[in-house]
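Laboratory data are not the source of any read-out in this text; all were calculated from the coordinates shown. Note that the structure is predicted; figures quoted are calculated from it, not measured. Cβ sites come from the backbone with ideal geometry, for glycine too, and all protein chains shown count toward neighbours.
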Amino acid sequence: MGQGREPIGVIGTGYVGLVTAAGFAELGSDVFCVDIDAEKIAGLRAGEIPIYEPGLAELVTANRERLRFSTDIADALEHARLLFVAVGTPPTYSGDADLSAVLAVVNAMPASDDHALVMKSTVPAGTGRAIKRIFAEQGKAGFRYVSCPEFLKEGSAVKDFLNPDRVVVGDDGDWAGDAVVELYAPLEAPLVRTDTASQEMVKLASNAFLATKISFINEIANVCEETGADVIEVAKGMGLDDRIGSKFLQAGIGFGGSCFPKDVNALKQLAGNSGYHFQLLNAVIEVNELQKRRVVGKLQKHLGSLVGTTICLLGLAFKPNTDDMRDASSLVLSARLQADGASVRLYDPVAEEEARELIRGAHFSDDALDAVQGADAVVLVTEWDEFLSLDWAQVAERMAGTVVIDGRNALDAVAVTAAGLTYEGIGRGSLASLTR
């Protein structure tokens, strides 16, 4: 499959860039990876993978002969005409996307009629138009531009790259767009080829819609708690309607990560800058923030004042199978609990190193049973598999209290209760309804 494959450059070796590079190498392309972080490049050359993503280390190792790592953009320009841009676009204080890294790449490009930037980074609609204007102003009008968003889910990114549900390409209908389409052709995914502005909106709109589904089912969960209904049963009944679907109808303590919070805010800001007030997204953001804090209310319901209590948080990453701590619910919970006078014990099987950079004043534990030692309450924050198979009798022996808050509705409520513990989920009914 790899014979005659076009070599490519990838600028940025973070989460998106490294998965993209390894994926195209697996398809048979020689890939020239570039990053300004010399330490990271040295590590990659030595076989060190800077992020946790299932299957990524194996994919990089299997394709090491096709992967080159450098801090010099000239290496990529010399060998590849397509340069995939995968640099960070974090939110600024105003809520706009910070495009400084993207613009640094644009400014670093030479005049050329034989190269194209292929934008993987999430950027606001209109960025492609602005970049083409900059190229023209700099005498580089021949440098082509293609927009091609990533739809990789952390924890399953390698699978998502090799088995995409769609490939979206925004371009001017020239050789560059044709070349990108050809690169993805072996994956046999549905193709959407359109103009760059529409393509740029696809990524933001997709993530904003998924975030809306999460906030909606969390609102339903909160109503279920008032009415005695079980949100899991409600979601099951809703999800069987193919107009709705079952994905992203899992109630919990809110979404986080690198995409949803950033992209929802970016789309809201984009609309505002265009003169439109996107009221729905304001509600999505507000619900998500309040949902994280509802856990504190549940703890207070069972324990009263949290002053002097010990609370254990199981799981710190924003979702399982990643070490990503960006906008993780654990950050809000840890800070809020400590502000209310509680001592906080923490454990995550993968994300501890990242979490230590962001969480202060809490005790990091070596394993789950150590983390629950002396706890008045345990909160499941991230549904790692090892937490779902805990021996709850052992947990009960080590805890000082009995409260277990299932922040992801992932635990076996019957097993938790059988151990003599008090179970409470998100939007769940009574124990009788849970054991039907």
- Can you tell me the alpha carbon radius of gyration of region 214-434 divided by the globular rule-of-thumb value 2.2 N^0.38 Å? 1.02
- Integer Hz, Karplus 6.51/-1.76/1.60 couplings in order for region 254-266, x for Gly and Pro: x, 8, x, x, 7, 10, 4, x, 5, 6, 5, 5, 5
- Could you compute the FRET efficiency for Ala339 and Asp242, with r as their C-beta to C-beta distance and R0 at 56 Å, rounded to 0.05? 0.80
- Note on the structure: Taking placed amide H atoms and a strict 5 Å upper bound, the residues 5 or more places from Met119 or on another chain that come that close are Val85, Val146, Ser147, Cys148
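Please sort by residue number the trypsin sites (Lys or Arg not before Pro) in region 25-71 whose DSSP state is loop and whose Cβ has at most 13 other Cβ atoms within 10 Å. Working shown, then result.
Values: sites: Lys40, Arg45, Arg64, Arg66, Arg68; in loops: none.
Filter output for region 25-71: empty list.
Would you mind calculating the gained length between Asp412 and His363 on full extension (0.36 nm times residue separation, minus the Cα-Cα distance), in nm to one decimal? Please list the in-between numbers first.
Working: separation 49, 0.36 × 49 = 17.64 nm, distance 2.65 nm.
Full-extension gain reported as 15.0 nm.
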- If the chain between Glu78 and Ala130 were fully extended at 0.36 nm per residue, the gain over the current Cα-Cα distance would be 16.2 nm
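If you put +1 on each Lys and Arg Cβ and -1 on each Asp and Glu Cβ, how big is the dipole of region 337-409 around its Cα centre, in Debye rounded to 20?
Values: 5 positive and 16 negative charges, 68 e Å.
Taking the Cα centre of region 337-409 as origin, the dipole is about 320 debye.
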- Message: Check which residues have an amide H placed less than 5 Å from Val192's amide H, if you skip close sequence neighbours.
- Response: Val167, Val168, Val169
- Task: State which stretch of the chain is the longest one without any exposed chymotrypsin sites (Phe, Trp or Tyr not before Pro), exposure meaning a DSSP loop state and at most 14 other Cβ atoms within 10 Å.
- Result: 94-275
- Asserting the computed 222 nm helical MRE of the chain (DSSP H runs at least 4 long, -39500 (n - 2.57) per run, divided by residue count, to nearest 500) equals -13000 deg cm²/dmol
- So the pair-distance distribution of region 218-267, from every Cα-Cα distance in 10 Å bins, comes to percents of 23, 41, 31, 5
- Message: Please compute the alpha carbon radius of gyration of the chain, then divide it by the globular-protein estimate 2.2 N^0.38 Å. Two decimals is fine.
- Response: 1.06
- Task: Please give, to one decimal in nm, the separation of the simple spin-label points placed at Trp175 and Ala38, each 7 Å out from Cα toward the Cβ.
- Result: 3.6
- Item | Lys, Arg +1 and Asp, Glu -1 on Cβ, resulting dipole of region 214-434 about Cα centre, debye, nearest 20 | 720
- Task: Give, to the nearest whole percent, the P(r) tail of region 8-194 beyond 20 angstrom, counting all Cα pairs.
- Result: 52
- Can you give the extra length, in nm with one decimal, that the chain gains between Ser112 and Lys301 once fully stretched, where that is 0.36 nm per residue apart less the Cα-Cα distance? 61.5 nm
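Assigning unit charges at the beta carbon (Lys, Arg +1; Asp, Glu -1) and nothing else, what dipole magnitude in debye, to the nearest 20, does the chain show about its Cα centre? Each step should come with its number before you reach the end.
Numbers: 39 positive and 61 negative charges, 202 e Å.
Its charge dipole is roughly 960 debye.
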- Where in region 345-436 are there GluC sites (Glu not before Pro) that are in a DSSP coil and have at most 13 other Cβ atoms within 10 angstrom of their Cβ? Glu357
- Could you tell me which of Thr417, Met238, Ala342 has its Cα farthest along the dipole of the chain towards the positive end, charges placed at Cβ (Lys, Arg +1; Asp, Glu -1), taken about the Cα centre? Met238
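Out of all DSSP beta bridges with both ends in the chain, state the antiparallel percent to the nearest 5.
Details: 2 of 44 bridges.
Just about 5 percent of them are antiparallel.
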- What list of ³J(HN,Hα) couplings, whole Hz, do you get for region 152-168 from phi and the Karplus terms 6.51, -1.76, 1.60, once you set θ to phi - 60° and write x for glycine and proline? 8, 9, 4, x, 9, 5, 4, 4, 5, 5, 7, 9, x, 7, 6, 10, 10
- Message: Within 10 Å of each candidate Cβ there may be at most 13 other Cβ atoms; applying that plus a DSSP loop requirement, which GluC sites (Glu not before Pro) in region 150-205 survive?
- Response: Glu188
- Query: If you take the beta carbon distance between Asn273 and Glu6 as r and set R0 to 56 Å, what does 1/(1 + (r/R0)^6) give as a FRET efficiency, to the nearest 0.05?
  - Reply: 0.90
